[in-house]
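Asker: Below you'll find the structure I mean.
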Amino acid sequence: MNHNIYQEPLVSRYTSKEMQFIFSEQNKFATWRQCWIALAEAQYELGLSDIITPDMLSEMKAAAQDINFEVAAAREKEIRHDVMAHVFAFGQQCPKAEPIIHLGATSQFVGCNTDLLNQKKALALIKKSLVNLIANLRNFALQYKDQATLGYTHYQPAQPTTVGKRNTIYLQDVLMDLNYIEHLETQIKARGAKGTVGTQATFLELFKGDHDKVRKLDELVAAKLGFSDIFAVTGQTYTRKLDMKTAETMAGIGATAHKFAVDLRLLSNLKVQEEPFAKNQVGSSAMAYKRNPMRAERMTGLARKLMGLWADFAATYSNQWFERTLDDSAIRRMDIPQTFLLADAVLKLFVNITDGMVVFPKQIERHLMQELPFMATEKILMACVEQGESRQHVHEIIKLHSLAAGRLVKEEGADNDLLSRLGADTGIPFTEAELLDMVGETGQFTGRAQQQTEEFIAEVVDPVLERYHQLLSAVHEDISV
């Protein structure tokens, strides 16, 4: 590593080697060569055998991965054109094929088709991470499906739910992200062989006005590159609307991760649930006792960056003049890799965190018991009425004692003594022990939370995991803190 120049943290700290390779220079330029080979092969097979020979194709294939970077860099410095510099460099290694490399094509033949190929590969990695995340959240939700915990609205204590049910909400959001990925995959098509402004004029000349062969060339090149579909029409580039929708989909993953991470940080503060904490991890340089939610905090920051990139793509798409303008080039060189690298980094953290979350049932119970007496007052009221007491009279008693108990909790930091107060009041036909028995089973206040969790997983989640079972991984990568 050169310590005298800026290093991109997404590469040096946060992302997987697989995603880094997809957007590497080696893979980019090798894919350019793959495009040139596909074009030449298709042209040969469609009748240009008087120009293109099997020896030329063999020569190109032999040099497909052996990128002579120094030659290309020197040539680009001279002519100021990256594609033609690599055409030159490829030609130096393939002297027989040199005359027919890039025949009839424009720069965006390799540029666009490579971008689309790499995005297909990157989406496959994103999908794999999402599937493993779904599996982690599914297992966690089932494990804690009946663990009663306080629900929160406005970040104020509300009716109890269960830890498992709460995590089905995150799980549902991740499933939505997977659905959007599946849809996006159907939208990524080959640019194919469309020519300078998308009219295929040069290819029509090459094939002596044979429209059928030009159409077949488009299809054949796409198939050789691994595409099952082709953009029916393009300008010089495929529509940048696709980039915008891709960024929107990745931003959606970022938003899901951001919500989860912030919630986990709040739960960590309450000491009821935490992210994994490594054996030798240091929480604070000054406060040795601290267990900071560093992974969730990092995920929040990376997700925030990911969510913000979408606006760049919208601006780029809407500023493409007519068949193409070059102001998309520099920004896409940065934003497309960053979008996928950020999504990869976020999901890498998300999978890691959900694989080892820690729950503290005793602390959960403590929080519940601070609030449960208030939440149980309606049940107590109904029980008193069944014993023949006046609803209005009992309501007044409960109100007065609830206000007093709440004031004690807030002003003096004391425990909630509402049940003790009600048990001592002669207007309530139950002792404190009887009231404790009445509210002691916290699960009775969680409604169908457990059943909803079980049903959702069996009916919605498990069929998805079964469909993608081949993507599930038993290997869980450690995350450096």
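Asker: Given the structure, is residue 65 in contact (Cβ under 8 Å) with a residue 12 or more places away in the chain, in a helix (DSSP H, G or I), of a type in the set (S, T, N, Q) and under 22 Å from residue 190 (Cα atoms)? Outline the logic, then answer.
Answerer: Working: in contact (Cβ under 8 Å) with a residue 12 or more places away in the chain: yes; in a helix (DSSP H, G or I): no; of a type in the set (S, T, N, Q): yes; under 22 Å from residue 190 (Cα atoms): yes.
Here the answer is no, as residue 65 does not meet what is asked.
Asker: Next question, about the same structure. Quick check on my filter: what residues within region 439-478 are among the hydroxyl-bearing types (Ser, Thr, Tyr), at pLDDT below 95 and within 21 Å of residue 170 (Cβ to Cβ)?
Answerer: Residues of region 439-478 among the hydroxyl-bearing types (Ser, Thr, Tyr): 442, 446, 453, 468, 473.
Of the ones still in play, those that are also at pLDDT below 95 are 442, 446, 473.
Residues satisfying the conditions are 446, 473.
Asker: Residues being polar (S, T, N, Q), surrounded by 15 or more Cβ atoms within 10 Å (Cβ to Cβ) and not in a helix (DSSP H, G or I): count how many of those fall in region 22-52.
Answerer: First, the residues of region 22-52 that are polar (S, T, N, Q): 24, 26-27, 31, 34, 43, 49.
Adding the requirement that they be surrounded by 15 or more Cβ atoms within 10 Å (Cβ to Cβ) leaves 24, 27, 31, 34, 43.
Those left that are additionally not in a helix (DSSP H, G or I): 24.
Total satisfying the criteria: 1.
Asker: Ok, one more. Run residue 429 past the list (1) within 30 Å of residue 145 (Cα to Cα); (2) in a loop (DSSP other than H, G, I, E, B); (3) at pLDDT 90 or above; (4) not hydrophobic (A, V, I, L, M, F, W, C) and report the number of the one that doesn't hold.
Answerer: (1)
Asker: For the structure I just gave you, tell me whether residue 347 is in contact (Cβ under 8 Å) with a residue 60 or more places away in the chain and out of contact with any Cys (no Cβ under 7 Å at 6 or more places or on another chain).
Answerer: Numbers: in contact (Cβ under 8 Å) with a residue 60 or more places away in the chain: yes; out of contact with any Cys (no Cβ under 7 Å at 6 or more places or on another chain): yes.
The answer is yes for residue 347.
Asker: Considering each residue of region 215-239, count those that are in a helix (DSSP H, G or I) and small (Gly, Ala, Ser), and give that number. Don't jump to the end; show me each part of the working.
Answerer: Step one: filter region 215-239 for residues in a helix (DSSP H, G or I), giving 215-224.
Checking which are small (Gly, Ala, Ser) leaves us with 222-223.
Number satisfying all stated conditions: 2.
Asker: Hand me the list of helices (runs of 4 or more DSSP H) wholly inside region 309-392 holding 2 or more residues that are closer than 30 Å to residue 428 by Cβ and not aromatic (Phe, Trp, Tyr).
Answerer: Details: elements: 329-354, 361-375, 377-386.
Once the helices (runs of 4 or more DSSP H) in region 309-392 are filtered for at least 2 residues that are closer than 30 Å to residue 428 by Cβ and not aromatic (Phe, Trp, Tyr), what remains is 361-375, 377-386.
Asker: Ok, one more. Condition test on residue 367, is it modelled with pLDDT under 95, surrounded by 21 or more Cβ atoms within 10 Å (Cβ to Cβ) and either over 30 Å from residue 156 (Cα atoms) or over 22 Å from the mean Cα position of the chain (by Cα) (or both)?
Answerer: Values: modelled with pLDDT under 95: yes; surrounded by 21 or more Cβ atoms within 10 Å (Cβ to Cβ): no; either over 30 Å from residue 156 (Cα atoms) or over 22 Å from the mean Cα position of the chain (by Cα) (or both): yes.
No; evaluated as a whole, the condition is false for this residue.
Asker: Just give me the residues in region 7-48 being among the aromatic types (Phe, Trp, Tyr), within 24 Å of residue 90 (Cβ to Cβ) and in contact (Cβ under 8 Å) with a residue 24 or more places away in the chain, in sequence order.
Answerer: Of all residues in region 7-48, those among the aromatic types (Phe, Trp, Tyr) come to 14, 21, 23, 29, 32, 36, 44.
Next, only the ones that are within 24 Å of residue 90 (Cβ to Cβ) stay: 21, 23, 29, 32, 36, 44.
23, 29, 32, 36 - these are the residues of region 7-48 that are among the aromatic types (Phe, Trp, Tyr), within 24 Å of residue 90 (Cβ to Cβ) and in contact (Cβ under 8 Å) with a residue 24 or more places away in the chain.
Asker: Residues to consider are 96, 145; find the one that is touching a Gly at 6+ places or on another chain (Cβ under 9 Å), part of a loop (DSSP other than H, G, I, E, B) and touching a residue at least 24 places away in the same chain (Cβ under 8 Å).
Answerer: On the way: 96 fails: touching a Gly at 6+ places or on another chain (Cβ under 9 Å).
One residue alone meets the criteria, 145.
Asker: Oh, and also: So is residue 83 surrounded by 13 or more Cβ atoms within 10 Å (Cβ to Cβ), touching a residue at least 24 places away in the same chain (Cβ under 8 Å) and within 25 Å of residue 115 (Cα to Cα) or not? First the steps, then the outcome.
Answerer: Values: surrounded by 13 or more Cβ atoms within 10 Å (Cβ to Cβ): yes; touching a residue at least 24 places away in the same chain (Cβ under 8 Å): yes; within 25 Å of residue 115 (Cα to Cα): yes.
Considered against the rule, which asks whether it is surrounded by 13 or more Cβ atoms within 10 Å (Cβ to Cβ), touching a residue at least 24 places away in the same chain (Cβ under 8 Å) and within 25 Å of residue 115 (Cα to Cα), residue 83 comes out as yes.
Asker: Right, something else. Look through 19, 60 and report the one residue that is buried (at least 18 other Cβ atoms within 10 Å of the Cβ), within 20 Å of residue 116 (Cβ to Cβ) and touching a helix residue (DSSP H, G or I) at 6+ places or on another chain (Cβ under 8 Å). Walk me through how you get there before you give the answer.
Answerer: Details: 60 fails: within 20 Å of residue 116 (Cβ to Cβ).
Answer to the selection: 19.
Asker: Also: Taking the residues in region 137-169 that are aromatic (Phe, Trp, Tyr) and over 18 Å from residue 458 (Cβ atoms) as candidates, determine which candidate is surrounded by the fewest Cβ atoms within 10 Å (Cβ to Cβ).
Answerer: Step one: list which residues in region 137-169 are aromatic (Phe, Trp, Tyr), which gives 140, 144, 152, 155.
Among the residues that remain, those that are also over 18 Å from residue 458 (Cβ atoms) are: 152, 155.
Values: 152: 16, 155: 8.
Filtering region 137-169 for residues that are aromatic (Phe, Trp, Tyr) and over 18 Å from residue 458 (Cβ atoms), the one surrounded by the fewest Cβ atoms within 10 Å (Cβ to Cβ) comes out as 155.
Asker: Further question on the same structure: Return the residues of region 413-431 that are surrounded by fewer than 16 Cβ atoms within 10 Å (Cβ to Cβ) and touching a residue at least 40 places away in the same chain (Cβ under 8 Å); say none if nothing qualifies.
Answerer: 415, 429
Asker: Quick check: anything in region 164-181 over 24 Å from residue 464 (Cβ atoms) and in contact (Cβ under 8 Å) with a residue 60 or more places away in the chain? Working first, answer last.
Answerer: Filtering region 164-181 for residues over 24 Å from residue 464 (Cβ atoms) gives none.
No, region 164-181 contains no residue that is over 24 Å from residue 464 (Cβ atoms) and in contact (Cβ under 8 Å) with a residue 60 or more places away in the chain.
Asker: Among the residues of region 181-192, what is the count of those that are buried (at least 16 other Cβ atoms within 10 Å of the Cβ) and either out of contact with any Phe, Trp or Tyr (no Cβ under 6 Å at 6 or more places or on another chain) or of a type in the set (S, T, N, Q) (or both)?
Answerer: Keep residues of region 181-192 that are buried (at least 16 other Cβ atoms within 10 Å of the Cβ), which gives 181, 184, 188-192.
Add one more test, that the residue is either out of contact with any Phe, Trp or Tyr (no Cβ under 6 Å at 6 or more places or on another chain) or of a type in the set (S, T, N, Q) (or both), and what stays is 181, 184, 188, 192.
Going through region 181-192 one residue at a time, the tally reaches 4.
Asker: For region 328-356, give me each residue that is within 12 Å of residue 10 (Cα to Cα) and acidic (Asp, Glu).
Answerer: 344
Asker: How about region 319-355: which of its residues are under 24 Å from residue 28 (Cβ atoms) and among the β-branched types (Val, Ile, Thr)?
Answerer: 325, 331, 336, 339, 346
Asker: Now a separate question. Based on what the data block shows, is residue 242 surrounded by 22 or more Cβ atoms within 10 Å (Cβ to Cβ), assigned to a helix (DSSP H, G or I) and either at pLDDT below 95 or aliphatic (A, V, I, L, M) (or both)? First the steps, then the outcome.
Answerer: Details: surrounded by 22 or more Cβ atoms within 10 Å (Cβ to Cβ): no; assigned to a helix (DSSP H, G or I): yes; either at pLDDT below 95 or aliphatic (A, V, I, L, M) (or both): yes.
Answer is no for this residue.
Asker: Of the residues 259, 208, which is exposed (fewer than 15 other Cβ atoms within 10 Å of the Cβ), basic (Lys, Arg) and at pLDDT 95 or above?
Answerer: Details: 259 fails: exposed (fewer than 15 other Cβ atoms within 10 Å of the Cβ).
208 is the lone residue from the list that is exposed (fewer than 15 other Cβ atoms within 10 Å of the Cβ), basic (Lys, Arg) and at pLDDT 95 or above.
Asker: Ok, one more. All but one of (1) closer than 18 Å to residue 148 by Cα; (2) free of Cβ contacts under 8 Å to residues at least 12 places away in the same chain hold for residue 434; which doesn't?
Answerer: Answer for residue 434: the failing condition is (1).
The values are calculated or read from the model by the stated rules, or taken from the named source; none is laboratory data. Bear in mind that the values here come from a model prediction, so they are computed numbers and not experimental data. All Cβ positions, even for glycine, are placed from backbone atoms using ideal geometry, and neighbour counts span all protein chains on display.
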